1. Of the conditions (1) touching a Gly at 6+ places or on another chain (Cβ under 6 Å); (2) assigned to a strand (DSSP E or B); (3) assigned by TED's automatic domain parsing to the domain that holds L203, G120 clears all except one; give me its number.
2. Are any of the residues in segment 229-240 free of Cβ contacts under 8 Å to residues at least 40 places away in the same chain and touching a Ser or Thr at 6+ places or on another chain (Cβ under 9 Å)?
3. Of the residues that sit in segment 54-76 and are assigned to a loop (DSSP other than H, G, I, E, B) and within 9 Å of ligand 1 (Cβ to nearest atom), which one is most open to solvent (accessible area, probe 1.4 Å)?
4. Could you list all residues from segment 218-257 that are closer than 20 Å to P123 by Cα, open to solvent by 50 Å² or more (accessible area, probe 1.4 Å) and within 10 Å of ligand 2 (Cβ to nearest atom)?
5. Assuming E215 fulfils every condition listed in (1) open to solvent by 20 Å² or more (accessible area, probe 1.4 Å); (2) within 16 Å of ligand 1 (Cβ to nearest atom); (3) not small (G, A, S) apart from one, which condition is it?
6. So is V121 among the aliphatic types (A, V, I, L, M) and either free of Cβ contacts under 8 Å to residues at least 12 places away in the same chain or within 21 Å of N16 (Cβ to Cβ) (or both) or not?
7. If I ask for residues that are of a type outside the set (D, E) and open to solvent by 50 Å² or more (accessible area, probe 1.4 Å), which ones from segment 109-158 would you list?
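The values are calculated or read from the model by the stated rules, or taken from the named source; none is laboratory data. Keep in mind it's a predicted model, so treat the numbers as computed, not measured. Neighbour counts are summed over all protein chains in view; Cβ atoms, including those assigned to glycine, are modelled from backbone coordinates with ideal geometry. Keep in mind that these areas ignore ligands, DNA and RNA; they rest on the heavy atoms of the full protein, side chains included. Shrake-Rupley method; radii C 1.70, N 1.55, O 1.52, S 1.80 Å.
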Amino acid sequence: MSNETKPQQQWCVVENCTEIAEKIFRLSFKFPQLAAAVQPGQFVNIRVSETEEPLLRRPFSVSRVEGDLIEIMLQIVGSGTRILSEKKSGELLDVLGPLGQPFHLQAEFDTALIVAGGLGVAPFPLLTAALMKIGKHVETFAGFRSAQQECTEHLENIHLATDDGSRGFHGTVVKLIEDYLEKKSTAKYKIFACGPTKMLMALTELGKRKSICCELSLEGQMACGVGICQGCPVELIDEEKKYALVCKDGPTFLSTEINLREAN
Ligand SMILES: Cc1cc2nc3c(=O)[nH]c(=O)nc-3n(C[C@H](O)[C@H](O)[C@H](O)COP(=O)(O)OP(=O)(O)OC[C@H]3O[C@@H](n4cnc5c(N)ncnc54)[C@H](O)[C@@H]3O)c2cc1C
Ligand code: FES
């Protein structure tokens, strides 16, 4: 399924911006055309400020749609995300979207295994709603550094892991899903994952070992976000076409299509 909807740029009114976990915010704004068109896995590119640095747009997964409202989740990592986290209700935001290719929901599986590492959780509320609408069973594996970063609203059947053991399973989310698959192996699964590259690489191996289709959403750094600057390459396994662009051909890719490296 490719994204045929032309992205639109719009000034949007901020509805709300709330801290939901340590340095993690939920920001909502009104964008009716985007709310009607966006599919799970797609993202928006937001110009965080007209006057201050950084002037480049910043990409964020669409996390949820509620009527005309679009919700994103953001984690403060630098100046752009800090400025966004300080937005107040009624302020205007320059948003471009929907961008990128959505997750593929129609493949042959009955149970979706959603795997999120940290803020990789962001695209999954929207995906969960879409999967449940078409009758798929959803199990969610979410891993965080500690309980303070936990943000799992609007997800289904949550299995939690933390690196420091402060909540849920003490260890990685990949170990958690491996243990789950050891116990249950009767369903026809598909893995949907988003998070650090190391986690995605481990899931690629797991998918291979267990013959489970695995679709990954990549969150590498971007500049233009629309396929012009060539600044977001990912290596393809296909030797004829060496690279794809994360912003235009992704951010979703089957794990069997790409060669992930630690720098992705
Ligand atoms: C398709 C896509 C979807 C994304 N969705 C979300 C989302 O839903 N929520 C969210 O919080 N973030 C998301 N991100 C990441 C987000 O875009 C970056 O965190 C943001 O651009 C950082 O901007 P900044 O100005 O705050 O930080 P900068 O000042 O640009 O960077 C601060 C530090 O973070 C590092 N950094 C910046 N971006 C990334 C990145 N993508 N990966 C690893 N390190 C990075 C920089 O190298 C630097 O060390 C997404 C990225 C992509 C490509
Ligand atoms: S960010 Fe410019 S081509 Fe992808």
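1. Failing condition for G120: (2).
2. The first filter runs over segment 229-240 and keeps only residues free of Cβ contacts under 8 Å to residues at least 40 places away in the same chain, leaving 229-240.
Then drop every residue that is not touching a Ser or Thr at 6+ places or on another chain (Cβ under 9 Å), which leaves 237.
Within segment 229-240 (the criterion being free of Cβ contacts under 8 Å to residues at least 40 places away in the same chain and touching a Ser or Thr at 6+ places or on another chain (Cβ under 9 Å)), the answer is yes, since at least one residue qualifies.
3. Going residue by residue through segment 54-76, those that are assigned to a loop (DSSP other than H, G, I, E, B) are 54-56, 62-63, 67-68, 76.
Adding the requirement that they be within 9 Å of ligand 1 (Cβ to nearest atom) leaves 54, 56, 62-63, 76.
Details: P54: 13, L56: 96, V62: 1, S63: 2, I76: 49 Å².
Step by step, filter segment 54-76, then rank; the result is L56.
4. Q221, V226, K248, D249
5. Condition (1) is where E215 drops out.
6. Working: among the aliphatic types (A, V, I, L, M): yes; either free of Cβ contacts under 8 Å to residues at least 12 places away in the same chain or within 21 Å of N16 (Cβ to Cβ) (or both): yes.
Answer is yes for this residue.
7. Taking segment 109-158 first, the residues of a type outside the set (D, E) are 109, 111-138, 140-149, 151-152, 154-155, 157-158.
Within segment 109-158, A129, M132, K133, I134, G135, H137, R145, Q148, H154, N157, I158 qualify.
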